[in-house]
Amino acid sequence: MTAMNFMETMETAEFRVHPDAHIVVDGSVCTDCTTRECVVACPANLFVPTADGGVLFNYEQCFECGTCYLVCTQAGAITWNYPAGGHGVVFHRT
Amino acid sequence: MSDPDVIVVGGGPAGSCAAIVAARAGLSVVLLERGPFPGSKNMYGGVVYPRILDDLIPNWWEEAPIQRWVTRRATMLLTETQALTVDFRTEAWGKAPYNGATAYRPDFDAWLAGYAEAAGAQVLTSTTVTGLLRDDKGAVVGVTTDRPDGDLRARVVIACDGVNSFLAKEAGLYEHTDAKHFTLGVKETLALPKEVIDERFGVRGREGVDIEIVGCTGGINGGGFVYTNLDTVAVGVVLKLTKLAAQATRPEQIIANLKGHPAIAPLIEGGEMKEYSAHLIPEAGLRMMPKMTTDGMMVAGDAAALCLAAGIWLEGVNFAMASGMYAGETAVEAVRVNDVSAKGLVGYQRRLSNTFVLKDHRKLRRAPELVLSDRVQHLYPQMMANIAERMFRVDNPEPKPGLRRILRQERKRAGVRRRHLWRDAFTGFRSYG
Ligand SMILES: Cc1cc2nc3c(=O)[nH]c(=O)nc-3n(C[C@H](O)[C@H](O)[C@H](O)COP(=O)(O)OP(=O)(O)OC[C@H]3O[C@@H](n4cnc5c(N)ncnc54)[C@H](O)[C@@H]3O)c2cc1C
Ligand code: SF4
Ligand code: SF4
């Protein structure tokens, strides 16, 4: 599946985005991380390696699944919470 | 708001059943759900087995928002170019009192929560519980929320907050949580006209199909599934987290590979993507289960890792509903005798132990590991498919080879040791037998 197709795939899910991020990633920890488990495992593909050796994260299309904090091996990299009530992903035919 | 007797956190099947039971017994109950409606955060395969609702909601099958009754259940072993399927169908599951049904969780969970509300429970949606309130001895006495009026106190808190259960963790009921105990489920819901689904899957009316698949997940231990809804087909995979994280293929690509398999592609051809979704499964059963109670609190459903993930069975909704009911009953008992300490709540553990909830888990305790083992995942499907291919291939003028020879040769070709085969057969027999 191409990156473009996957963006369309993600468009099929509804996200009621809250202005505040519910997951915060500390990029300075990621710079030292060589394994980058989150990049392959996040089902929404929200962790994107950057050219300068960092990792870019955007919380907006998050399924709130919990995969990233479970697979990340670096303490302190991910601060994970649920979004405020009524916000975030809303499933319909799942 | 005056303090209720019981706070239930989470409007999934566990939470709604807990709330129904407690509210019907006359307790005041508040159910808190972070989604805009119950079910809005919940995703599964999925097939529900609502038999456990027989007492709670008599004739539930006339009311429940189901898609199709599963009358055909297939287990498929896939290699890259082969498929070996055991396909069972029965008329019995297509009529009352029924067995399993496909249903959308946003429909099913909202429906079930309606019974909690009808029983008198107050259902507050769009409310995220952010932590526990404790007294000076550490007993749980309520929860904090992100509502403007914030904290809410109660005699008993029932944590039905699903697989990540931050409440059970905060209460110290989990010794540790480990990525290796979880699988990630991802799925696509694909729209197709009902007649096309009926024809491709060989069903009529409200009949439906459940296909469980082994050997379709590349090098990652896991499995796949195909389920028919009325006018959509759900296709997905479950992937062992630690293995997924240690290789290079992303989840959506693994689904794409499954969809492209010659045995699956014709079933879903032309399907229009309606929704993509993902959710975790607590996969390790008894190996990961927390303590079920502490002073003032019980844990039920996925929050207590009660989902049964044993290969050909992936059942969580029924385990959630049952454990929720038992937690509800226990809360009623404890409030009545005015002892909500862990000691007053022991009835919960007893109910879990004496019913299918923990009996099935104990019986199948070795199954999750066996099913996710490298041999079952990677070697046996190839071996079995090759055996089938040779049995049914006509090699004239060669005479048919003896089955025993085929078995021996294919076992060797697949690199399976006889000793391991026997041991796995024995484990399988002890688990499933
Ligand atoms: C891919 C996949 C396939 C599956 N297939 C099947 C299947 O075919 N059949 C089957 O029976 N089971 C299946 N399961 C398992 C099943 O989905 C679960 O076992 C079941 O949903 C557990 O129910 P629950 O009520 O315990 O938790 P959930 O259904 O997860 O409900 C938890 C609820 O709590 C809410 N919540 C969580 N935290 C908070 C908070 N802090 N504040 C307020 N609310 C909160 C959530 O929004 C949610 O509504 C599958 C699971 C997955 C992921
Ligand atoms: S989030 Fe964790 S796994 Fe991902 S790059 Fe950062 S440190 Fe590594
Ligand atoms: S919770 Fe799941 S979807 Fe959200 S960022 Fe983490 S891995 Fe991705």
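Out of (1) free of Cβ contacts under 8 Å to residues at least 12 places away in the same chain; (2) within 16 Å of ligand 1 (Cβ to nearest atom), what's the single condition that is false for residue A:65?
Exception for residue A:65: condition (1).
Among what's in region A:36-48 and is in contact with a Cys (Cβ under 9 Å, 6 or more places away or on another chain) and not aliphatic (A, V, I, L, M), pick the residue that is farthest from ligand 2 (Cβ to nearest atom).
That would be A:43.
Here is a list: B:343, B:363, B:359. Which entry is free of Cβ contacts under 8 Å to residues at least 40 places away in the same chain, under 18 Å from the mean Cα position of the chain (by Cα) and open to solvent by 70 Å² or more (accessible area, probe 1.4 Å)?
B:359
Quick one: which strands (runs of 3 or more DSSP E) sit completely within region B:1-80 and have at least 2 residues that are open to solvent by 20 Å² or more (accessible area, probe 1.4 Å) and touching a residue at least 12 places away in the same chain (Cβ under 8 Å)?
Hits in region B:1-80: B:68-78.
Tell me, which residue of region B:136-169 that is open to solvent by 40 Å² or more (accessible area, probe 1.4 Å) and under 24 Å from the mean Cα position of the chain (by Cα) is nearest to ligand 1 (Cβ to nearest atom)?
This residue is B:166.
If the requirement is being more than 11 Å from chain A (Cβ to nearest Cβ), open to solvent by 10 Å² or more (accessible area, probe 1.4 Å) and away from ligand 2 (no atom under 16 Å from the Cβ), which of these qualifies: B:249, B:293? Show your work before the answer.
Details: B:249 fails: more than 11 Å from chain A (Cβ to nearest Cβ).
Just one listed residue meets the conditions, B:293.
For region B:1-28, name all the residues that are within 18 Å of the chain's Cα centre (by Cα) and over 23 Å from residue B:164 (Cα atoms).
Of everything in region B:1-28, nothing turns out to be within 18 Å of the chain's Cα centre (by Cα) and over 23 Å from residue B:164 (Cα atoms).
How about region B:113-169: which of its residues are away from every other protein chain (no Cβ under 13 Å), part of a loop (DSSP other than H, G, I, E, B) and not hydrophobic (A, V, I, L, M, F, W, C)?
B:120, B:135, B:136, B:137, B:138, B:151, B:155
Any chance you could count how many residues in region A:49-79 are near ligand 2 (Cβ under 9 Å from one of its atoms), open to solvent by less than 40 Å² (accessible area, probe 1.4 Å) and under 25 Å from residue B:302 (Cα atoms)?
Number satisfying all stated conditions: 4.
Could you list all residues from region B:121-134 that are in contact (Cβ under 8 Å) with a residue 40 or more places away in the chain and either open to solvent by less than 60 Å² (accessible area, probe 1.4 Å) or of a type in the set (Asp, Glu) (or both)?
Those that are in contact (Cβ under 8 Å) with a residue 40 or more places away in the chain and either open to solvent by less than 60 Å² (accessible area, probe 1.4 Å) or of a type in the set (Asp, Glu) (or both): B:121, B:123, B:124, B:125, B:126, B:127, B:128, B:129, B:132.
Here is a yes/no grid of residues against (1) more than 9 Å from ligand 3 (Cβ to nearest atom); (2) within 21 Å of residue B:169 (Cβ to Cβ):
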position: A:1; (1), (2): yes, no
position: A:45; (1), (2): no, no
position: A:50; (1), (2): yes, no
position: A:56; (1), (2): yes, no
position: A:65; (1), (2): no, yes
position: A:71; (1), (2): no, yes
position: A:77; (1), (2): yes, yes
position: A:80; (1), (2): no, yes
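Within region A:23-42, is even one residue open to solvent by 10 Å² or more (accessible area, probe 1.4 Å), within 16 Å of ligand 1 (Cβ to nearest atom), of a type outside the set (Gly, Ala, Ser) and more than 24 Å from residue B:167 (Cα to Cα)?
no
Which is within 14 Å of chain A (Cβ to nearest Cβ), open to solvent by less than 30 Å² (accessible area, probe 1.4 Å) and modelled with pLDDT of 95 or more, of B:179, B:101?
The match here is B:179.
Kindly provide the set of residues from region B:404-433 that are free of Cβ contacts under 8 Å to residues at least 60 places away in the same chain, open to solvent by 90 Å² or more (accessible area, probe 1.4 Å) and assigned to a helix (DSSP H, G or I), ordered by number.
Those that are free of Cβ contacts under 8 Å to residues at least 60 places away in the same chain, open to solvent by 90 Å² or more (accessible area, probe 1.4 Å) and assigned to a helix (DSSP H, G or I): B:404, B:405, B:408, B:412, B:413, B:418, B:419, B:422, B:423, B:426, B:429.
Residues of region B:267-282 being within 16 Å of ligand 1 (Cβ to nearest atom) and either touching a helix residue (DSSP H, G or I) at 6+ places or on another chain (Cβ under 6 Å) or more than 12 Å from chain A (Cβ to nearest Cβ) (or both), which ones?
B:276, B:282
So which of B:320, B:334 is within 29 Å of residue B:64 (Cβ to Cβ) and of a type outside the set (Lys, Arg)?
Checking each option against the conditions leaves just B:320.
Can you find even one residue in region B:191-206 that is within 11 Å of chain A (Cβ to nearest Cβ) and either touching a residue at least 40 places away in the same chain (Cβ under 8 Å) or surrounded by fewer than 20 Cβ atoms within 10 Å (Cβ to Cβ) (or both)?
Yes.
Answer yes or no as to whether residue B:334 is open to solvent by less than 10 Å² (accessible area, probe 1.4 Å), within 20 Å of residue B:241 (Cβ to Cβ) and in a helix (DSSP H, G or I).
No; evaluated as a whole, the condition is false for this residue.
Does region A:6-20 contain any residue that is within 15 Å of ligand 2 (Cβ to nearest atom), of a type in the set (S, T, N, Q) and surrounded by 14 or more Cβ atoms within 10 Å (Cβ to Cβ)?
No, every residue in region A:6-20 fails to be within 15 Å of ligand 2 (Cβ to nearest atom), of a type in the set (S, T, N, Q) and surrounded by 14 or more Cβ atoms within 10 Å (Cβ to Cβ).
Give me the pairs, please: first residue somewhere in region A:79-94 and on the phi < 0 side of the Ramachandran plot, second residue anywhere and of a type in the set (A, V, I, L, M) and assigned to a loop (DSSP other than H, G, I, E, B), beta-carbon distance under 8 Å, and either six or more positions apart or on two chains.
Filtered contacts from region A:79-94: A:87/A:17; A:89/A:13; A:91/A:13; A:91/B:43; A:94/B:43.
Restricting to region B:337-348, give me the number of residues that are in a helix (DSSP H, G or I) and among the aliphatic types (A, V, I, L, M).
First, the residues of region B:337-348 that are in a helix (DSSP H, G or I): B:346-348.
With among the aliphatic types (A, V, I, L, M) added as a condition, the list becomes B:346.
Of the residues in region B:337-348, 1 are in a helix (DSSP H, G or I) and among the aliphatic types (A, V, I, L, M).
Identify, please: which residue in region A:1-54 is more than 14 Å from chain B (Cβ to nearest Cβ) and under 15 Å from the mean Cα position of the chain (by Cα) and is, among those, farthest from residue A:80 (Cα to Cα)?
Only one residue fits best here, namely A:50.
So for region B:207-220 (the condition being more than 13 Å from every other protein chain (Cβ to nearest Cβ), out of contact with any helix residue (DSSP H, G or I) (no Cβ under 6 Å at 6 or more places or on another chain) and within 23 Å of residue B:329 (Cα to Cα)), does at least one residue qualify?
Within region B:207-220, not a single residue is more than 13 Å from every other protein chain (Cβ to nearest Cβ), out of contact with any helix residue (DSSP H, G or I) (no Cβ under 6 Å at 6 or more places or on another chain) and within 23 Å of residue B:329 (Cα to Cα).
The values are calculated or read from the model by the stated rules, or taken from the named source; none is laboratory data. The model shown is predicted, which means the values in this text are computed figures rather than measured ones. Glycine gets a Cβ as well: all are built from the backbone with ideal geometry, and neighbour counts include every protein chain shown. Ligands, DNA and RNA are excluded from the accessible area calculation, which covers all protein heavy atoms including side chains. Shrake-Rupley method; radii C 1.70, N 1.55, O 1.52, S 1.80 Å.
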